Amino acid sequence: MNTTTTPARTTPHTPLTPLLLTPLLILLILIGSALSTPWQTDRTTASDPVPRPTPTENATPPRTPPPTSETDDPPLDPTTTLLILGTALTAAIIAYLLYRTVKKIRHTTLPQQGRPHTARSPGDTTEHAAVTTTPELRTGIETATARLHGATTSTDAIIAAWLALEEAAEAAGTTHTAAQTPTELTVAVLTTTPASPETITNLLHLYHRARFTTTPLTPHDVVDAHTYLADLAHALTPTTTNPETTTP
């Protein structure tokens, strides 16, 4: 028996074509990327714990004070305030004490200056044992009268006349304080004379108008000043009595 050996049929091997390699390569890339990152799902299970808010998440944030301007002055220290008040009070007390001291000195030096005067007729020397009728004052009145007629303007004439009275009061040797002005000294000296206080006041008023105002004085004012000076001269003229004269 002849046995015929049939050779085995072999399936021809077909090589992989690029068309089959492309999907395989894509699949390998997807698998590699899936294995490199963890899986995440949007669904939560019942076993997953629910995060609870911490107290700091719902707490009210603390309020920060508004920024202060750099130009704002710092508050005063109470000690500084008390020091300022104490200094002001001390200065006020010192000023008051100085005023009282000066007033007392002036009152002691010139006791006649602050006393009220009653009107009296020129030449009346009763109750005036310590009146001032020195020759310097009489000479000063004569000089003042002469200056009224020697000035170019009425204002200059009255100023010159009053300055003559100031020079006479200074020459009379009357004691005065350092704080006393020449005008105040002249008034104080004239008030110790038998002259009428009204005459002295009127003369002083004319001098103030001429010295401290811008309105020029008139010749009529010069006539008034001449009248007041004549009254002063008459009041300072010593009166003489004849002891041999008897009443029949």
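Scanning region 132-155 for residues that are over 17 Å from Leu206 (Cα atoms) and in contact (Cβ under 8 Å) with a residue 60 or more places away in the chain yields Thr132, Thr133, Leu137, Arg138, Glu142.
When Ala210 is tested against (1) under 39 Å from the mean Cα position of the chain (by Cα); (2) surrounded by fewer than 21 Cβ atoms within 10 Å (Cβ to Cβ); (3) not polar (S, T, N, Q), just one condition goes unmet, and that condition is (2).
Taking first residues from region 161-186 that are free of Cβ contacts under 8 Å to residues at least 60 places away in the same chain and of a type in the set (A, V, I, L, M) and partners that are crowded, with 16+ Cβ neighbours inside 10 Å and assigned to a loop (DSSP other than H, G, I, E, B), the Cβ contacts under 6 Å between residues at least 6 apart in sequence or on separate chains come to Ala172/Thr134; Leu185/His176. The criterion of being buried (at least 17 other Cβ atoms within 10 Å of the Cβ) and at pLDDT 85 or above does not hold for Thr227.
The set of residues from region 191-236 being part of a helix (DSSP H, G or I), within 13 Å of Leu148 (Cα to Cα), in contact (Cβ under 8 Å) with a residue 24 or more places away in the chain and of a type in the set (Val, Ile, Thr) comprises just one member, Val222. A single member of Thr132, Thr175 is surrounded by 13 or more Cβ atoms within 10 Å (Cβ to Cβ), modelled with pLDDT under 90 and in a loop (DSSP other than H, G, I, E, B), and it is Thr132.
The values are calculated or read from the model by the stated rules, or taken from the named source; none is laboratory data. Please read these numbers as outputs of a predicted model, since none were measured by experiment. Cβ atoms come from the backbone with ideal geometry, glycine included; neighbour counts cover every protein chain shown.
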